[in-house]
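Student: This is the structure, below, for whatever I ask next.
The values are calculated or read from the model by the stated rules, or taken from the named source; none is laboratory data. All values derive from a computational prediction rather than experimental measurement. Quick reminder, even Gly has a Cβ in these numbers, built from the backbone with ideal geometry, and neighbours come from all protein chains shown.
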Amino acid sequence: MSDHPVLRYVSAGAWSLVEPLFSQRAKDLLIKLIDFMEIDVLPSEKLFHAQIPTHPPEARWASIPPILETLRDKAKKLGLWNLWLSGGDFQGMAGGQGGGLSNLEYAVMAEIMGHSAILAPQATNCSAPDTGNMEVLARYGTSEQKEKYLVPLLKGEIRSSFSMTEYGVASSDATNLRNTTALPSSSGKTLSVKGHKWWITGAGDPRNVIHIVLAVTDPKNPSPHKRHSLVLVDPRAKDVKIVRPLTVFGYDDAPEGHCEVVYDGVEVDVDGGVVGGKAGLGRGFEIIQARLGPGRLHHCMRSIGIASRALDILLQRVSDPNRKTFGKYLKEHGTVLADIAHSRAEIDAARLLVLAAARRIDIGGAKGAMQDIGIAKFTVPSMALKVIDRAMQVHGAEGVSEDTPLAYYYASLRTLRYADGPDEVHIQQIGKNELKRVERLRSRIERIKKESDKLLNEHGKVKARL
Ligand SMILES: Cc1cc2nc3c(=O)[nH]c(=O)nc-3n(C[C@H](O)[C@H](O)[C@H](O)COP(=O)(O)OP(=O)(O)OC[C@H]3O[C@@H](n4cnc5c(N)ncnc54)[C@H](O)[C@@H]3O)c2cc1C
């Protein structure tokens, strides 16, 4: 146990809790994944970035770094493919293509992949938004939609986007979404998709052939939760305009990107173009809820890996023998030691939350785990940001430059406090859930108080200090 390679990544305490729940197959895959990370992925990071052209700007969106393809081929051969695709019913729905792990097993592997958050998930076909989109297609797609989109996504031949957030609309409350419609076209035979979205991840990618678009299909439905459907739009259609790639603190995340997109009357037919065909009309809300559960947790799993990598970088910097300030090495200053200790403790605590949420999904499905997923969703990215911030601080000005990956980590992680719903929305929900306990709490406390008064009486006491 003491020299298991997983202990380079997760705490011995966490591993002792999860190891008994790991199958032999998962243990074997874990070792393979760690080797793949250390021999192939981590050494390829710099080359990956160097292979993304800088000039002309359009070239950034025109090709995929060849090293990524090399890594993907190797991951496939090693069986490190679609690891996110959990077992059980879902595996069957997706045609049994790889994965087959429990969410708990995947949580440990996703954290390890988080150490190279940009490269490892893509290399193993485990990256957002494709994973969530594959889940939608597997659970709700018609057999033709699965054949056309799910199978090539599972094989890693195409990429996809999930298109929900609307330009000029407060989209964190999804009932507000109204500027994108898919209403009958003049012929009455098709739906015409019109709307203006933004922050659509992956929309710049040359491999992208499918946007899953949340659009109003039944504007007069009395229930705001039944007005929308998910429609499938090919971004290569002439009526789709990729207006611009947006940047996060200056980073464009090419070649995938996060883009502003206009759908200007793209025609789709109901059977092929609405997720689930006719039966999928009006079910947009129901489907996005199912999509966002495990996907939110996958982000948290990887975030812990990013925070751990930041702590590793911090440790190396403060141990640099060439850096002394005020007569001491950085690692000898009390505040630095405190930063290290807090970072260690916060990462290890956050991991336990994520593992608990993953286990709850395994036991009761994503619906049964919403409370645990919600808590992880609003605590883990903030925890990781704090750790990265400490790592940047010990680097002095270099910490905010592009000479270390820390500034990029910070920018990426900061967006997770919005993506898949801002923190406040999850905080509000968890707060409301807690308040639901009050009635039962009151009756329990009342019962204990009665027993306590009775005991005092029996012992002839009228008042106690507590
Ligand atoms: C890098 C990146 C990638 C993204 N990728 C995608 C994608 O692929 N597809 C997609 O559809 N969208 C994507 N998004 C968009 C993201 O999902 C939205 O930004 C998010 O849902 C919030 O919507 P909004 O920006 O319209 O904020 P608004 O709805 O305008 O909310 C603004 C702020 O209001 C506050 N707020 C909201 N509700 C409450 C509340 N209940 N209590 C207190 N305060 C509240 C919060 O502080 C919130 O941040 C991405 C965003 C980023 C940054």
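Student: Take the residues in the stretch 401-458 that are among the hydroxyl-bearing types (Ser, Thr, Tyr) and farther than 30 Å from Asp312 by Cα; name whichever of them is surrounded by the most Cβ atoms within 10 Å (Cβ to Cβ).
Tutor: Looking at residues that are among the hydroxyl-bearing types (Ser, Thr, Tyr) and farther than 30 Å from Asp312 by Cα, I get Ser452.
Student: Hey, another quick one. Could you tell me how many of the residues in the stretch 151-169 are of a type in the set (Gly, Ala, Ser) and more than 16 Å from the ligand (Cβ to nearest atom)?
Tutor: Within the stretch 151-169, the first condition is being of a type in the set (Gly, Ala, Ser), and the residues that meet it are 156, 160-161, 163, 168.
Next, only the ones that are more than 16 Å from the ligand (Cβ to nearest atom) stay: 156.
Adding up the residues that qualify gives 1.
Student: Taking Leu78 as the residue in question, decide whether it is within 24 Å of Val425 (Cβ to Cβ), more than 19 Å from the chain's Cα centre (by Cα) and among the aliphatic types (A, V, I, L, M). Outline the logic, then answer.
Tutor: Numbers: within 24 Å of Val425 (Cβ to Cβ): no; more than 19 Å from the chain's Cα centre (by Cα): yes; among the aliphatic types (A, V, I, L, M): yes.
So Leu78 does not fit the description; no.
Student: Moving on to the next point. Just give me the residues in the stretch 295-353 being more than 23 Å from Val380 (Cα to Cα) and either among the charged types (D, E, K, R) or in contact (Cβ under 8 Å) with a residue 40 or more places away in the chain (or both), in sequence order.
Tutor: Within the stretch 295-353, Arg317, Val318, Asp320, Arg323, Lys324, Lys328, Leu330, Lys331, Glu332 meet the criteria.
Student: Of all residues in the stretch 259-278, how many are outside any helix (DSSP H, G or I) and surrounded by fewer than 16 Cβ atoms within 10 Å (Cβ to Cβ)? Break it down stepwise before answering.
Tutor: So in the stretch 259-278, the residues outside any helix (DSSP H, G or I) come out as 259-269, 274-276.
In the following step, the residues that additionally are surrounded by fewer than 16 Cβ atoms within 10 Å (Cβ to Cβ) were identified as 264-265, 269.
Adding up the residues that qualify gives 3.
Student: May I ask you to list pairs of residues, at least six apart or on different chains, whose Cβ atoms are under 6 Å apart, with the first in the stretch 415-435 being farther than 20 Å from Ile306 by Cβ and the second being near the ligand (Cβ under 6 Å from one of its atoms)?
Tutor: As it stands, the answer is Val425/Ser172, since those pairs meet every condition given.
Student: Which count do you get for residues in the stretch 135-189 that are under 30 Å from Leu71 (Cβ atoms), of a type outside the set (Phe, Trp, Tyr) and assigned to a helix (DSSP H, G or I)?
Tutor: Within the stretch 135-189, residues that are under 30 Å from Leu71 (Cβ atoms), of a type outside the set (Phe, Trp, Tyr) and assigned to a helix (DSSP H, G or I) number 15.
Student: Among Thr180, Thr247, which is the only one that is surrounded by 15 or more Cβ atoms within 10 Å (Cβ to Cβ), touching a His at 6+ places or on another chain (Cβ under 9 Å) and among the polar types (S, T, N, Q)? Show your work before the answer.
Tutor: Details: Thr247 fails: surrounded by 15 or more Cβ atoms within 10 Å (Cβ to Cβ).
Sole residue among the options that is surrounded by 15 or more Cβ atoms within 10 Å (Cβ to Cβ), touching a His at 6+ places or on another chain (Cβ under 9 Å) and among the polar types (S, T, N, Q): Thr180.
Student: Count, please, the residues in the stretch 222-258 that happen to be over 25 Å from Glu286 (Cα atoms) and of a type in the set (A, V, I, L, M, F, W, C). Spell out the reasoning first.
Tutor: So in the stretch 222-258, the residues over 25 Å from Glu286 (Cα atoms) come out as 236-257.
Within this subset, residues satisfying the condition of being of a type in the set (A, V, I, L, M, F, W, C) are 237, 240, 242-243, 246, 248-249, 254.
The qualifying residues number 8.
Student: May I pose another question? Could you say which residue among Gly305, Gly295 is assigned to a helix (DSSP H, G or I), crowded, with 21+ Cβ neighbours inside 10 Å and at pLDDT 95 or above?
Tutor: Gly305
Student: Anything in the stretch 216-258 that is part of a strand (DSSP E or B), in contact with a helix residue (DSSP H, G or I) (Cβ under 9 Å, 6 or more places away or on another chain) and within 12 Å of the ligand (Cβ to nearest atom)? List them, or say none.
Tutor: Within the stretch 216-258, the subset part of a strand (DSSP E or B) is 216, 228-233, 240-246, 248, 251, 258.
Right, trim to in contact with a helix residue (DSSP H, G or I) (Cβ under 9 Å, 6 or more places away or on another chain) and you get 216, 228-233, 242, 245, 248, 251, 258.
Of everything in the stretch 216-258, those that are part of a strand (DSSP E or B), in contact with a helix residue (DSSP H, G or I) (Cβ under 9 Å, 6 or more places away or on another chain) and within 12 Å of the ligand (Cβ to nearest atom) turn out to be Leu230, Pro245, Val248, Tyr251, His258.
Student: Only one of these is of a type in the set (Ser, Thr, Tyr), out of contact with any strand residue (DSSP E or B) (no Cβ under 9 Å at 6 or more places or on another chain) and either within 16 Å of the ligand (Cβ to nearest atom) or at pLDDT below 95 (or both): Ser185, Ser172. Name it.
Tutor: Numbers: Ser185 fails: out of contact with any strand residue (DSSP E or B) (no Cβ under 9 Å at 6 or more places or on another chain).
Being of a type in the set (Ser, Thr, Tyr), out of contact with any strand residue (DSSP E or B) (no Cβ under 9 Å at 6 or more places or on another chain) and either within 16 Å of the ligand (Cβ to nearest atom) or at pLDDT below 95 (or both) holds for just one of Ser185, Ser172, which is Ser172.
Student: Restricting to the stretch 190-209, name every residue that is outside any loop (DSSP other than H, G, I, E, B), under 17 Å from Pro255 (Cβ atoms) and within 13 Å of the ligand (Cβ to nearest atom). Steps first, please.
Tutor: Let us first name the residues in the stretch 190-209 that are outside any loop (DSSP other than H, G, I, E, B), namely 191-201, 208-209.
Now drop any that are not under 17 Å from Pro255 (Cβ atoms), which leaves 199-201, 208-209.
Result: Trp199, Ile200, Thr201, Asn208.
Here's the yes/no breakdown for (1) within 23 Å of the chain's Cα centre (by Cα); (2) at pLDDT 95 or above:
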site	(1), (2)
Ser2	no, no
Ser16	no, yes
Pro20	no, yes
Asp28	no, yes
Phe36	yes, yes
Ile39	no, yes
Leu42	yes, yes
Pro57	no, no
Ile64	yes, yes
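Student: Moving on. Checking Asp269 against (1) more than 16 Å from the ligand (Cβ to nearest atom); (2) closer than 20 Å to Glu58 by Cα, which single condition isn't satisfied?
Tutor: (2)
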